[in-house]
Amino acid sequence: MTIHPKSLLTILFATASSLMTAQTFDVDFSKKQPAYNGTMGYDFNTTELNKKNLKQMSYSFAVPDGNYRVTITLGSNAYAGKTIVRAESRRILTEQIDTKKKEFKTLSWTIHKRSPQINAEERVKTKPREKDYLNWDDRLTLTFNGDAPAVKSIHIEPDTTAVTLFLCGNSTVVDQENEPWASWGQPIVRWFDENVCIANYAESGERTTSFMASKRLDKALSMAKAGDYFLIEFGHNDEKDRGAGSGAWYNFSHNLKTFIDRIKAKGCTPILITPTARRFFEGNNLKDTHGEYPAATRAVAQREGIGLIDLTEMTMTLFSACGPEGSKHLLVHYPANSFPGQETALADNTHFNVFGAYEVAKCIIMGLKKIEAPFIKYLRSDWQDFDPAKPDNWESFKLMPADNAEIEKPDGN
């Protein structure tokens, strides 16, 4: 009997999927851990996560695609800890958490892990620059740094109950792999407890057409369950389209409608988001650069009867409140030699740094509160409502950067 190669691939994929049963892990870092062998976690820098002289440590778990409840106990019997926790591609789970000597604090999150494979025949068409991104590999990776990182234990188990928020968008949404770039999809994870899982499928340079053509929406839908949500922000790159059918009121609006129809067919809820403002001042006046795209997004949301977050309006307010100079602290504006290999100044008026991403993430949450999204009840207890007209003080914001830095600008503008 001859088996067609495509049929064989289908059989192999189904067999591999059934064999890769999601596992539960318990790791005690008071004991030395074995090296990575394909089935257990491994730490890039050390096998003991209780050494305060280490700057950054990562530990990975080889698990199938899905959501995982991650419970981490921070602290050390030997010293006072100061620990920041991130997941995958710099998703920010905590600011620095302080623990006294012999004091321990336990926190939980639900973390989304994915790979490019959709099924036996289809894969996401990732870009060359994405090939080494932690978001797309076959492991779930946790990274710890801070002034004195201290981790006692990690517990990981599969989760099928958390509400998943799938993020669709471009470089203002994506999990930026490298410092100093950041987007609102990274710190928003920090504000929700383990009952909400953020699944960020955005990628730099994407527009509605390319997001679908590269099968990013297909992959997200394959991972979604009825009752999940999709937060959709496009416009920055769509507005550069030229030619027949392009424009806010035809192709862009049509594509948003396609997103909505496919998401609803899955039993999920779409929420549209108008594009973040660019920092474009004429004197002291901030100018809108998005033309008719915010209005088109609002119109589609109204016509379809779905939730809308007017992020254009909120970020215009945020930038205006900071002013022409103060708003630079929200974005990647740094003098030469601020990062390794950076010989010239960085002056990007579209892409956020970590502080700016935090402020915009707070705008998103306020937008979710305004439309009374049911999952907003799962905000962490230390959440405080945010007014973009009264931004936080950038000088008071402290978060040790991750080790990985890249001065190459993300795709899109």
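The values are calculated or read from the model by the stated rules, or taken from the named source; none is laboratory data. None of these values were measured; they are calculated from a predicted model. Backbone-built Cβ (ideal geometry, glycine too); neighbour counts: all protein chains shown. Surface accessibility is based on the protein's heavy atoms, side chains included, excluding ligands, DNA and RNA. Shrake-Rupley method; radii C 1.70, N 1.55, O 1.52, S 1.80 Å.
Of all residue pairs spaced 6 or more apart or on separate chains, none has beta-carbon atoms under 9 Å together with a first member in region 167-178 that is free of Cβ contacts under 8 Å to residues at least 40 places away in the same chain and a second member that is outside any loop (DSSP other than H, G, I, E, B). Considering only region 308-324, I want to know if a residue exists there that is open to solvent by less than 10 Å² (accessible area, probe 1.4 Å) and under 17 Å from residue 229 (Cα atoms). Yes, there is a match, as at least one residue in region 308-324 is open to solvent by less than 10 Å² (accessible area, probe 1.4 Å) and under 17 Å from residue 229 (Cα atoms). For region 112-121, does any single residue satisfy the condition of being in a strand (DSSP E or B) and either touching a Leu at 6+ places or on another chain (Cβ under 7 Å) or at pLDDT below 95 (or both)? For region 112-121, residues in a strand (DSSP E or B) and either touching a Leu at 6+ places or on another chain (Cβ under 7 Å) or at pLDDT below 95 (or both): present. Among the residues of region 86-116, those that are acidic (Asp, Glu), open to solvent by 10 Å² or more (accessible area, probe 1.4 Å) and touching a residue at least 24 places away in the same chain (Cβ under 8 Å) comprise 95, 103.
Considering region 117-128, the residues that are out of contact with any Pro (no Cβ under 8 Å at 6 or more places or on another chain) and buried (at least 16 other Cβ atoms within 10 Å of the Cβ) include one that is nearest to residue 178 (Cα to Cα), namely 117. Just a yes or no: is a residue in region 256-270 among the β-branched types (Val, Ile, Thr) and more than 24 Å from residue 315 (Cβ to Cβ)? The answer is yes, given that some residue of region 256-270 is among the β-branched types (Val, Ile, Thr) and more than 24 Å from residue 315 (Cβ to Cβ). Reported count of residues in region 275-309, each being closer than 27 Å to residue 358 by Cβ, in contact (Cβ under 8 Å) with a residue 24 or more places away in the chain and assigned to a loop (DSSP other than H, G, I, E, B), is 10. Of all residues in region 363-373, those that are touching a residue at least 40 places away in the same chain (Cβ under 8 Å) and outside any loop (DSSP other than H, G, I, E, B) total 7. Contact map, region 383-411: residues that are charged (D, E, K, R) and in a loop (DSSP other than H, G, I, E, B) paired with residues that are open to solvent by less than 80 Å² (accessible area, probe 1.4 Å) and modelled with pLDDT under 90, Cβ distance under 6 Å, separation 6+ or inter-chain. Pairs shown: 403/56. Of the residues making up region 151-185, those that are in contact with a Cys (Cβ under 9 Å, 6 or more places away or on another chain) and assigned to a loop (DSSP other than H, G, I, E, B) number 2. Selection within region 177-196: residues that are under 10 Å from the mean Cα position of the chain (by Cα) and open to solvent by 10 Å² or more (accessible area, probe 1.4 Å). The member of this set that is nearest to residue 128 (Cα to Cα) is 177. In region 90-116, the qualifying residues are those that are out of contact with any Pro (no Cβ under 6 Å at 6 or more places or on another chain) and hydrophobic (A, V, I, L, M, F, W, C), and the one that is nearest to residue 361 (Cα to Cα) is 93. Checked against the criterion of being in contact (Cβ under 8 Å) with a residue 24 or more places away in the chain, closer than 23 Å to residue 191 by Cα and open to solvent by 20 Å² or more (accessible area, probe 1.4 Å), region 328-346 has at least one qualifying residue.
Taking the criterion of being crowded, with 20+ Cβ neighbours inside 10 Å and touching a Cys at 6+ places or on another chain (Cβ under 8 Å), would at least one residue in region 133-150 satisfy it? Checked against the condition, which is being crowded, with 20+ Cβ neighbours inside 10 Å and touching a Cys at 6+ places or on another chain (Cβ under 8 Å), region 133-150 yields no hits at all.
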